[in-house]
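Worksheet: the structure to be examined is printed underneath.
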Amino acid sequence: MTDASLPDRPDASNPSDDGLDLRASDADREQVAERLRDAMAEGRLDMDEFTERLEETYKARTYRELAPITRDLPGAGAPAPAPAPVNLVKGPLPEGAVDWAARIGGEAGGSAWGVGILSGFERKGRWTAPRRFDCVAVMGGGELDLREANFEDREIVINCVAIMGGVNVIVPPGVEVVVRGIGIMGGFDHSESGVAGDPGAPRVIVTGFAFWGGVGVERKVTRAERQRLKEERRRDKLERREGRRELLEGHHDRHRHLHEDRVERHRERVEEHLDRLEERRERRRRGRHWD
């Protein structure tokens, strides 16, 4: 049943309409109940809201009592509002943010192992870390720098064997690190393990064995990021210094204005005093003239 089938129904949008005080019929209450059922089916009302409003509907005696029940609901058969268009254009990242999605994926073109026996090895700069990287350091050392690296997969494993030697793994901020190595008269650095990573960032698992040696894990920013942070701190320092200078200048200006005001008031008083002296002289001259 539609609103058009109810003749002489008052305008609910006009609170001053005297017709709102007319008694509602069973058909009117049933029509409101039907709109509530449709709203619940569309997900506009939950079960508690539907039950509460339905009770109010069947208790209502006038159109004025019925009107608020469906005031925040669209009319029967009204189309749902059009959803906002989805912007598929990727906006620029905030300064300092890392686009992890662009750094995960692709094939690792270099070797997936490193060996340092009485010597050393290193991987740093722009390179793609494979899903598994095996390295051995015997009376030597190695360094794996992942700060500028891409990652073949979202989770990579670095397996280290350090015998009277050491391996150092450097990860950028935002990367999750899990350390699972075993040390005998040696050890693995767990200081960075358990730190939550950024959403979408890769996960680095450091595992292996250390005998009279050690595997360290450090978290550092890149040289470019360190320079950016340094420049940002320098700008903040300059802004604070400029703010202090403006504050001091404002303080000096205020004192200068106060001094100028005092000087001006003093000058006015001196001029008034001179005017009074001149008037006295004038009166004396007039007195001698009459004598």
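The values are calculated or read from the model by the stated rules, or taken from the named source; none is laboratory data. Quantities reported herein were computed from a predicted structural model and do not represent experimental measurements. We place every Cβ from the backbone using ideal geometry, glycine too, and count neighbours over all the protein chains shown. Ligands, DNA and RNA are excluded from the accessible area calculation, which covers all protein heavy atoms including side chains. Shrake-Rupley method; radii C 1.70, N 1.55, O 1.52, S 1.80 Å.
Quick one: would you say E271 is modelled with pLDDT of 75 or more and open to solvent by less than 90 Å² (accessible area, probe 1.4 Å)? Here the answer is no, as E271 does not meet what is asked.
The residue that is modelled with the lowest pLDDT, among those in region 184-195 that are over 17 Å from R147 (Cα atoms) and open to solvent by 40 Å² or more (accessible area, probe 1.4 Å), is G194.
Within region 53-105, if we keep just the residues that are among the small types (G, A, S) and at pLDDT 80 or above, the residue that is farthest from V204 (Cα to Cα) turns out to be A60. Considering only residues that are of a type in the set (A, V, I, L, M, F, W, C) and closer than 21 Å to A102 by Cβ, which ones fall in region 145-170? Once the filter is applied, which keeps residues that are of a type in the set (A, V, I, L, M, F, W, C) and closer than 21 Å to A102 by Cβ, region 145-170 yields L146, A149, F151, I156, I170.
Taken together, the residues in region 126-176 that are in contact (Cβ under 8 Å) with a residue 40 or more places away in the chain, closer than 18 Å to G214 by Cβ and open to solvent by 10 Å² or more (accessible area, probe 1.4 Å) amount to 7.
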